[in-house]
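Q: One structure follows; several queries about it will come next.
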Amino acid sequence: MEPIPMYKPLIEKEEIDAAKEALEMGWLGMGSYVAKFEESIKQYVGATNKYVAAVSTGHAALHLGLLVAGVGRGDEVIITSFNNVADFQAILATGAEPVFCDIDDNTLCIDLQKAEELVSPKTKAIIVMDYGCMLCDHDSVEAFAHKYDLRVIHDAAHSFGSKYKGKMIGSFSDICMFSFDPVKNITCIDGGTLIVETGEELRMIHEMRLIGMGQPSAVMYKNQRAWTYEVQRIGFRYHMANLHAAIGLAQLKKMKIITESRRLAARYLSEELRRTPEIITPKTDFHDTTPFLYYIRLPEGKREGFREHLRTRGIDTGIHWQPGHWFALFKGCKKSDLSATDRVGKEIVSLPFHSRMSTETLDRIIDAIKSFFA
Ligand SMILES: *Cc1c(COP(=O)(O)O)cnc(C)c1O
């Protein structure tokens, strides 16, 4: 039987043609495709009064987003322990410390009540992440940030294409980041973007993504470069290349089918799996979301047997995530009561999930799960 992988990229003729064109253009670095990609992202998410910068990865976007927020040595950043390692490492890279907050048991996003007790004079920013197919309570996040005068970095790596209360993700946050790595809703193979509110913040990102060089992006967007420039601030090699932007542009044109097919697949899985009493399915009807991950929760102690049962039937599964405070590097970090995170960390398992999943594939996954519990 054909194996069913955890992820399956939607790379078709359009992406391959776009990549070929970009390779043949004769300008491999940051250039015209990057400018088009940034503009298309801006239009797609409706961030018309904001500024969009493409960078090399989601991790780079987080690192630069934190620097734009003024985070540095001696500062603290509140973040859920239930998150991607990229976020924790981005905080460390600025010289600041992550402070681990618990998640809400229903949304698996940040529990703002528990975040209250973590705020200290050193707290500079809060990272909030939309998990899998769920969204944070962004209105409450905004109120929280306002109350404590904090910058918000919205990790929207999982929610590209989704809407919160009718507003596109990316259109309303203080600082918003997307990842377009190989497995995300759309991919640039590797890539990320930052969406910020001021032209000054955009200028900082433009310099920092190009090893601190003050050469205008406008020149590079014409597939040219300036030979004289000033260097005024710390920088990294974090820009996006034309090839990656070209692939991203081809992907972006497919958002309608990506959203529809993923939403349909998620609903199908929930409808079937919610009948099995041992399984907790995501608490959403997927209205207005472009689901990234489909996860379920199992009774504690069942996960390894469950994953093995599916593996022998050719079905891969994943774990998103091992909580941050379980890792050696972060054991000493400040934290709130993390009981929900500890519980969910042991129960959670991700099922194979991608765009354009066939009913046959979904049925095979569902049958394998039902046979485990039978
Ligand atoms: C993928 C991901 C990142 C990191 O993005 P990369 O592009 O892989 O560097 C950060 N946060 C979350 C929630 C992610 O899923």
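The values are calculated or read from the model by the stated rules, or taken from the named source; none is laboratory data. As the structure is a prediction and not an experimental result, all values here were calculated from the model. Note that we place each Cβ from the backbone using ideal geometry, even for glycine, and neighbour counts take in every protein chain shown. Please note that ligands, DNA and RNA were not included when accessible areas were found on the heavy atoms of the full protein model with its side chains. Shrake-Rupley method; radii C 1.70, N 1.55, O 1.52, S 1.80 Å.
Q: Being touching a Ser or Thr at 6+ places or on another chain (Cβ under 7 Å) and either farther than 16 Å from Met255 by Cα or small (Gly, Ala, Ser) (or both) is the filter here, so list the residues in the range 29-49 that pass it.
A: Answer for the range 29-49, where residues must be touching a Ser or Thr at 6+ places or on another chain (Cβ under 7 Å) and either farther than 16 Å from Met255 by Cα or small (Gly, Ala, Ser) (or both): Gly46, Ala47.
Q: Go through (1) over 20 Å from Asp75 (Cβ atoms); (2) surrounded by 23 or more Cβ atoms within 10 Å (Cβ to Cβ) for Ile153 and report which single condition fails.
A: Condition not satisfied by Ile153: (1).
Okay, residues lined up against (1) in contact with a Gly (Cβ under 7 Å, 6 or more places away or on another chain); (2) open to solvent by less than 20 Å² (accessible area, probe 1.4 Å):
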residue	(1), (2)
His206	no, no
Gly214	no, no
Lys222	no, no
Asn242	yes, yes
Leu249	no, no
Arg263	no, no
Glu271	no, no
Thr276	no, yes
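Q: What number of residues within the range 1-18 satisfy the criterion of being surrounded by 18 or more Cβ atoms within 10 Å (Cβ to Cβ) and within 29 Å of Arg225 (Cβ to Cβ)?
A: 2
Q: Same structure, new question: What do you reckon, is Thr187 within 27 Å of Gln251 (Cβ to Cβ), in contact with a Pro (Cβ under 8 Å, 6 or more places away or on another chain) and either open to solvent by less than 10 Å² (accessible area, probe 1.4 Å) or not hydrophobic (A, V, I, L, M, F, W, C) (or both)? Spell out the reasoning first.
A: Numbers: within 27 Å of Gln251 (Cβ to Cβ): yes; in contact with a Pro (Cβ under 8 Å, 6 or more places away or on another chain): yes; either open to solvent by less than 10 Å² (accessible area, probe 1.4 Å) or not hydrophobic (A, V, I, L, M, F, W, C) (or both): yes.
Yes, satisfied.
Q: Here is a further query. What pairs come up if the first residue lies in the range 319-346 and is closer than 21 Å to Phe306 by Cα, the second is surrounded by fewer than 14 Cβ atoms within 10 Å (Cβ to Cβ), and their beta carbons are under 7 Å apart, counting only those six or more places apart or on different chains?
A: Cβ pairs passing all conditions: Lys346/Glu300.
Q: Right, another one. Of everything in the range 333-371, what is part of a loop (DSSP other than H, G, I, E, B) and over 15 Å from Ile79 (Cα atoms)? Give them in sequence order.
A: Quick first cut of the range 333-371, residues part of a loop (DSSP other than H, G, I, E, B) only: 333-334, 336-338, 352-358.
If the condition is that a residue be part of a loop (DSSP other than H, G, I, E, B) and over 15 Å from Ile79 (Cα atoms), then Pro352, Phe353, His354, Ser355, Arg356, Met357, Ser358 are the ones that fit.
Q: What is the number of the single condition among (1) open to solvent by 40 Å² or more (accessible area, probe 1.4 Å); (2) within 15 Å of the ligand (Cβ to nearest atom) that Lys165 does not meet?
A: Result: Lys165 passes all but (2).
Q: Let me ask something else. Looking at (1) within 15 Å of the ligand (Cβ to nearest atom); (2) at negative phi; (3) in contact with a helix residue (DSSP H, G or I) (Cβ under 9 Å, 6 or more places away or on another chain), which is the one condition that is false for Val183?
A: (3)
Q: Separate question: Between Glu278, Glu308, which is of a type outside the set (Phe, Trp, Tyr), free of Cβ contacts under 8 Å to residues at least 12 places away in the same chain and out of contact with any Lys or Arg (no Cβ under 6 Å at 6 or more places or on another chain)?
A: Values: Glu278 fails: free of Cβ contacts under 8 Å to residues at least 12 places away in the same chain.
None of the others qualify; the one that does is Glu308.
Q: Name the residue, out of Glu201, Glu207, that is away from the ligand (no atom under 16 Å from the Cβ) and either at pLDDT below 95 or in contact with a Lys or Arg (Cβ under 9 Å, 6 or more places away or on another chain) (or both). Break it down stepwise before answering.
A: Details: Glu201 fails: either at pLDDT below 95 or in contact with a Lys or Arg (Cβ under 9 Å, 6 or more places away or on another chain) (or both).
After ruling out the rest, the residue left standing is Glu207.
Q: Among the candidates Gly74, Gly65, Gly70, Gly46, single out the residue that is open to solvent by less than 10 Å² (accessible area, probe 1.4 Å), modelled with pLDDT of 95 or more and not hydrophobic (A, V, I, L, M, F, W, C).
A: On the way: Gly74 fails: open to solvent by less than 10 Å² (accessible area, probe 1.4 Å); Gly70 fails: open to solvent by less than 10 Å² (accessible area, probe 1.4 Å); Gly46 fails: open to solvent by less than 10 Å² (accessible area, probe 1.4 Å).
So the residue among Gly74, Gly65, Gly70, Gly46 that is open to solvent by less than 10 Å² (accessible area, probe 1.4 Å), modelled with pLDDT of 95 or more and not hydrophobic (A, V, I, L, M, F, W, C) is Gly65.
Q: If you take the residues in the range 79-103 that are open to solvent by less than 10 Å² (accessible area, probe 1.4 Å) and under 26 Å from Arg233 (Cα atoms), which one is farthest from the ligand (Cβ to nearest atom)?
A: Per the criteria, the residue is Ala96.
Q: Also: Do you know which residues across the range 112-161 are within 16 Å of the ligand (Cβ to nearest atom), of a type in the set (Gly, Ala, Ser) and more than 12 Å from the chain's Cα centre (by Cα)? Spell out how you get there, then give the answer.
A: Going residue by residue through the range 112-161, those that are within 16 Å of the ligand (Cβ to nearest atom) are 125-136, 138, 141, 152-161.
Filter once more, keeping what is of a type in the set (Gly, Ala, Ser): 125, 132, 156-157, 159, 161.
Within the range 112-161, just Ala125 meets the criteria.
Q: Out of (1) surrounded by 24 or more Cβ atoms within 10 Å (Cβ to Cβ); (2) closer than 23 Å to Lys222 by Cβ, the odd one out for Gly26 is which?
A: (1)
Q: Here's a follow-up. Hey, does the range 321-333 have a residue that's closer than 26 Å to Ser159 by Cα, open to solvent by 80 Å² or more (accessible area, probe 1.4 Å) and not assigned by TED's automatic domain parsing to the domain that holds Ile186?
A: yes
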